[in-house]
Amino acid sequence: MSEDNLNQRMRRMLKPGAGLMMAGAGNALAARFIEAAGFPLMMVSGAAVANNYLGMPDIGLVSVTELADHVRAIREVVNIPILADADTGFGNALNTRRTVQLLERAGTNAIMLEDQTYPKRCGHFDGKDVIGKDEMVAKLKAAVDARVDPDLMILARTDARAVEGFEAALDRARAYQEAGADFLFIEAPLNEQELLSIPKAVPGIHLCNMVIGGKTPLLPREQLAEAGYACICYANAALQASMLAMQQVLGRLNEQGSIAGLENQLMMFADRQKVLDAAKYRELEQRYKS
């Protein structure tokens, strides 16, 4: 399926109240697992890329070209729509314009831009700050102008809840929607009442982010869909699961000096090759064998 068709598919799916489940990936391997699990769409998580690729926290250290490389690699192995986390657009309105161009060419179907100062911080870290509302509006207008395909979606995220308060975050969401954002994301509401009230306070297409161990209460899909959310994102569930598994398995392996007793915690060789679609590459080798 072509990128254009994936863009259109994503637009068709994201409707108020749809409650679509979205998982996040930091590399192409995680993306394969997300698609195989049956998720209808996925996110390239900035935090997961920073953690996986750099082994560092999500504090704005990944560059735009590094992010584009990850999007490109993921696009090559999955055939579901991708939302790319573009942080702050990597600078001002002109930087944002180039970011959108790079990521669209890399194969994403939606791009998330946030109103934090640069370099940004994880949305559930303390010590965040946000740029002025008018500056973010200008960046969103640049993003809308920069896309080649009008079906590529722009997601506007605000982190103002932690800095200016809940009502200010709602006000920013309205302004971002008016600036041309296709859908909205108010990061880190602090309680159930705030979380459930957002889609009604600002009618439109909304994403919510369920951060395991973060500031926002974890509510079930049915309740969030009923509140009006189009998309429910678990941006780092795959990352957190893999981190815990690596810690446990490698710790026990080092202590015991063998793999005995750990087999049920590991994917076997044959299953691993199946995930990686190794058979397809063996067939290609035979096809082109001289």
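The values are calculated or read from the model by the stated rules, or taken from the named source; none is laboratory data. As the structure is a computational prediction, the values presented were derived from the model and not from experiment. All Cβ positions, glycine included, derive from the backbone under ideal geometry; neighbour counts span all protein chains shown.
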Check: Is at least one residue of region 176-185 charged (D, E, K, R) and either under 23 Å from Glu114 (Cα atoms) or at pLDDT below 95 (or both)?
Finding: yes
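Out of curiosity, is Ile80 surrounded by 16 or more Cβ atoms within 10 Å (Cβ to Cβ) and part of a loop (DSSP other than H, G, I, E, B)?
So Ile80 fits the description; yes.
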Item checked: In region 186-203, residue nearest to Leu102 (Cα to Cα) [restricted to those that are at pLDDT below 95 and hydrophobic (A, V, I, L, M, F, W, C)] -> Ala188
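Can you find a residue that is closer than 15 Å to Met153 by Cβ, among the acidic types (Asp, Glu), assigned by TED's automatic domain parsing to the domain that holds Met210 and within 17 Å of the chain's Cα centre (by Cα) anywhere in region 76-87? Walk me through it before giving the result.
At the first step, the residues of region 76-87 found to be closer than 15 Å to Met153 by Cβ are 80-86.
Checking the rest, the ones that are also among the acidic types (Asp, Glu) come to 85.
Then drop every residue that is not assigned by TED's automatic domain parsing to the domain that holds Met210, which leaves 85.
After this cut, where a residue has to be within 17 Å of the chain's Cα centre (by Cα) as well, the list is 85.
Among the residues of region 76-87, at least one is closer than 15 Å to Met153 by Cβ, among the acidic types (Asp, Glu), assigned by TED's automatic domain parsing to the domain that holds Met210 and within 17 Å of the chain's Cα centre (by Cα), which makes the answer yes.
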Margin query: If Ile205 satisfies all but one of (1) exposed (fewer than 14 other Cβ atoms within 10 Å of the Cβ); (2) in contact (Cβ under 8 Å) with a residue 40 or more places away in the chain, what's the number of the condition it fails?
Written below: (1)
Next item on the list: Could you list, in sequence order, all residues of region 244-290 that are touching a residue at least 60 places away in the same chain (Cβ under 8 Å) and either in a helix (DSSP H, G or I) or in the same structural domain as Ile34 (by TED's automatic domain parsing) (or both)?
Entry: Val275
Check: Counting just the residues of region 51-77 that are part of a helix (DSSP H, G or I) and among the aliphatic types (A, V, I, L, M), which one comes out nearest to Leu103 (Cα to Cα)?
Finding: Ala68
Notebook entry, point to check: Of all residues in region 107-141, which are assigned to a helix (DSSP H, G or I) and either surrounded by fewer than 22 Cβ atoms within 10 Å (Cβ to Cβ) or not assigned by TED's automatic domain parsing to the domain that holds Ala47 (or both)?
Noted result: Lys133, Asp134, Glu135, Val137, Ala138, Lys141
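Could you check region 20-45 and list, in sequence order, the residues that are under 16 Å from the mean Cα position of the chain (by Cα) and either assigned to a loop (DSSP other than H, G, I, E, B) or of a type in the set (Lys, Arg) (or both)?
Going residue by residue through region 20-45, those that are under 16 Å from the mean Cα position of the chain (by Cα) are 20-35, 39-45.
Matches in region 20-45: Gly26, Asn27, Arg32, Phe39, Pro40, Ser45.
Residues in region 222-236: is at least one small (Gly, Ala, Ser) and free of Cβ contacts under 8 Å to residues at least 12 places away in the same chain?
Step one: filter region 222-236 for residues small (Gly, Ala, Ser), giving 225, 227-228, 230, 235.
Now drop any that are not free of Cβ contacts under 8 Å to residues at least 12 places away in the same chain, which leaves none.
For region 222-236, residues small (Gly, Ala, Ser) and free of Cβ contacts under 8 Å to residues at least 12 places away in the same chain: absent.
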Notebook entry, point to check: Do the conditions hold for Ala48, that is, is it part of a helix (DSSP H, G or I), closer than 28 Å to Pro119 by Cβ, assigned by TED's automatic domain parsing to the domain that holds Ala138 and small (Gly, Ala, Ser)?
Noted result: yes
Notebook entry, point to check: Identify, please: which residue in region 145-162 is out of contact with any Lys or Arg (no Cβ under 6 Å at 6 or more places or on another chain) and either among the hydroxyl-bearing types (Ser, Thr, Tyr) or surrounded by fewer than 17 Cβ atoms within 10 Å (Cβ to Cβ) (or both) and is, among those, nearest to Lys15 (Cα to Cα)?
Noted result: Pro150
